[in-house]
1. Of the listed pairs K104/K271; K269/K310; K272/K310; K268/K322, which have alpha-carbon separations greater than 23 Å here?
2. Per DSSP helix of 4 or more residues, -39500 (n - 2.57); summed, then divided by the residues of the chain. What does that give at 222 nm, rounded to the nearest 500?
3. Once the piece of chain linking N279 and Q255 is laid out straight, how much longer is it, given 0.36 nm per residue of separation minus the C-alpha distance between them?
4. What does the extension gain come out to for D245 and Q297, with contour length at 0.36 nm per residue minus their alpha carbon separation?
5. Report the Cα-based extents of the chain along its three principal axes, largest first, to the nearest Å.
6. For region 239-297, run through the trypsin sites (Lys or Arg not before Pro) and keep only the ones in DSSP coil with at most 15 other Cβ atoms within 10 Å of their Cβ.
7. Sequence gap at least 6, Cα distance under 8 Å: using those rules, report the relative contact order of region 232-322 to the nearest whole percent.
8. Quick check: net charge around A86, other residues with Cβ under 15 Å of its Cβ, Lys/Arg +1 and Asp/Glu -1?
Amino acid sequence: MKMNRKNVLRVTTAAAVALGITGLSACGAAKTNSGGSGSGSGTVTLSVQSWVGAEADVAVAKYVLEHDLNTKVKTTQLDEGVSFDALNTGKADAIMEDWGGSPKKVSLYVDDKKTVVKGGDLGVTGHIGWFVPKYLADKHPDITNYKNLNKYASLFKTAESGSKGQLLEGSPSYTTNDKALIKNLKLNYKTVFAGSEAAQITQLKEDYKAKKPFLTYWYTPQWLNSQMDLVEVKLPPYTKGCDSDAQKVACGYAQTPLQKYLSADFVKKNKKAATFLKNFKWTNDDQNEVAAMIAAQKMSPDKAAEKWVKAHQDVVKAWLPK
């Protein structure tokens, strides 16, 4: 997720975090297999990023590849930038959800080396922002404009943020603009990382239930948004290029059409699987439906994918190579 993952989310459990930031989030971990892509042997290796939306993409793609295209699938848990390195070396074949957080690697591998190719639009539009609960916005209507945040900084103080207000973040592996925004907008706040999307969700749910004030980095699509009423804080409007210098960012986040990327070698060697992955396109609601099964209902990714695929055969049929 660029959470600049994307310039949104893109979830690791606390146990996964203990093993490293490449663990999968959202209370449900995909099975992980290390090793080469095996694209020459008919095996497809899909990179899974550390948020449940990306896990949902991969779960459904894996199910269809295995059941409709008779293709063995491996999954590997990798952070955004590392995923591009893996496509370049052939250790992974596809990234199903990229938020635009690694533009230099896209330029290097897609434009210069041509070892990675664009896989097309996922169909999902991601957006990152700062959010407060609606009950807080109802009490303090002007809190939803960044210009007034310093006025309310004391409401968001925590032991971790000290004398400043806390801006709750998820995984430190996500690329965000928030430290620069706080500095450049002269805000009396400090970013505090929960450690993972799962840990962030746990904290948000606790605070929301207790009706405590909180300010958080958050995003869409996200299954939890159907369970919590959040209001986005208005940051300076995004304009193209306003985030090009990471140190000087003073604008909000973009609306980001999420993209897929494939290993160029994989595309040549496994045309049917590559065609399917290029055709794979669904909506924010579709992704949230599967993500909620995994994270909220505690279904395994495979079972969640199976349930969704069986209920959306017309959509899946359009993805399959002719």
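1. K104/K271; K269/K310
2. It comes out at -9500 deg cm²/dmol, rounded to the nearest 500.
3. Numbers: separation 24, 0.36 × 24 = 8.64 nm, distance 2.19 nm.
So the extension gain works out to 6.4 nm.
4. Values: separation 52, 0.36 × 52 = 18.72 nm, distance 4.06 nm.
Fully extending the segment from D245 to Q297 adds 14.7 nm.
5. Result, largest extent first: 60, 42, 35 Å.
6. K240, K248, K281
7. Relative contact order here is 22 percent.
8. Local charge sum for A86: -2.
Any read-out appearing in this document is the output of simple, stated calculations on the displayed coordinates, not a laboratory observation. This is a predicted model, so every value here is computed, not measured. A quick note on method: Cβ atoms are made from the backbone with ideal geometry, for glycine too, and the neighbour counts reach across all protein chains shown.
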